[in-house]
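The block underneath contains the structure these notes are about, expressed in structure tokens.
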Amino acid sequence: MEVAPADPYLLGVYADFLLDQGRAKEISRWLAPHARIDALLLRLTEANRLLSGWNSGKVQGQIAELGARFDAARLRGDALHQREESRFQCRLVKNPLAAIRLARENWKVQREPADARTFLEAARAAKDTQATLEILEWVRTTKLEDVTLLGQSPPQTVTNLSE
């Protein structure tokens, strides 16, 4: 399948799918040309960390680059990427308190399943029971069915879409 290279949202969603499937090598191969986009560099960095480990110079450089980009966005007053910054803080910087703060702020304005997943992940990492219960209650009341949000393995029904 050919992924539309001009659609960063689609690339990000597909990269998330591949990460959930344990297919980091595929992400590294085709997402690198799109690393100028913060959300895609985030996913590329996650994939590279899975492939190369924490001590890789490449991974450490990408983490530093993302940190600088998020800092610059904050200085501009840009709060549009709080979900991605929360994910960055939780998964790559290992700062659950920053992650939960960002996820909570993001949750005030965005309530997509991906936002719920990021908030829940940050809440669990920060051991914030109240936030965890808030998200789980939202899932229950909205009747959202999302296996990744509920911590289950995604179904293995899709074949390799990147070929």
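Being in contact with a helix residue (DSSP H, G or I) (Cβ under 6 Å, 6 or more places away or on another chain), more than 17 Å from Phe119 (Cβ to Cβ), among the polar types (S, T, N, Q) and at pLDDT 95 or above, is that true of even one residue in the range 12-32?
Within the range 12-32, not a single residue is in contact with a helix residue (DSSP H, G or I) (Cβ under 6 Å, 6 or more places away or on another chain), more than 17 Å from Phe119 (Cβ to Cβ), among the polar types (S, T, N, Q) and at pLDDT 95 or above.
How many residues does the range 36-54 contain that are in contact (Cβ under 8 Å) with a residue 12 or more places away in the chain, surrounded by fewer than 18 Cβ atoms within 10 Å (Cβ to Cβ) and either touching a Leu at 6+ places or on another chain (Cβ under 6 Å) or outside any helix (DSSP H, G or I) (or both)?
Total meeting the criteria: 1.
Which members of the range 76-119 meet the condition of being among the aliphatic types (A, V, I, L, M), surrounded by fewer than 22 Cβ atoms within 10 Å (Cβ to Cβ) and part of a helix (DSSP H, G or I)?
Once the filter is applied, which keeps residues that are among the aliphatic types (A, V, I, L, M), surrounded by fewer than 22 Cβ atoms within 10 Å (Cβ to Cβ) and part of a helix (DSSP H, G or I), the range 76-119 yields Leu92, Val93, Leu97, Ala98, Ala114.
Looking only at the range 67-75, decide whether some residue is under 23 Å from Ala35 (Cα atoms), modelled with pLDDT of 95 or more, part of a helix (DSSP H, G or I) and touching a Ser or Thr at 6+ places or on another chain (Cβ under 7 Å).
No, the range 67-75 contains no residue that is under 23 Å from Ala35 (Cα atoms), modelled with pLDDT of 95 or more, part of a helix (DSSP H, G or I) and touching a Ser or Thr at 6+ places or on another chain (Cβ under 7 Å).
For the subset of the range 55-75 comprising residues that are of a type in the set (D, E, K, R) and in contact (Cβ under 8 Å) with a residue 24 or more places away in the chain, which member is farthest from Ser28 (Cα to Cα)?
Looking only at the range 55-75, we keep the residues that are of a type in the set (D, E, K, R), and these are 58, 65, 69, 71, 74.
Filter once more, keeping what is in contact (Cβ under 8 Å) with a residue 24 or more places away in the chain: 65, 69.
Working: Glu65: 17, Arg69: 20 Å.
The qualifying residue farthest from Ser28 (Cα to Cα) is Arg69.
The values are calculated or read from the model by the stated rules, or taken from the named source; none is laboratory data. Bear in mind the structure is a predicted one, so any value in this text is a computation, not a measurement. Virtual Cβ from ideal backbone geometry, glycine too; neighbours counted across all protein chains shown.
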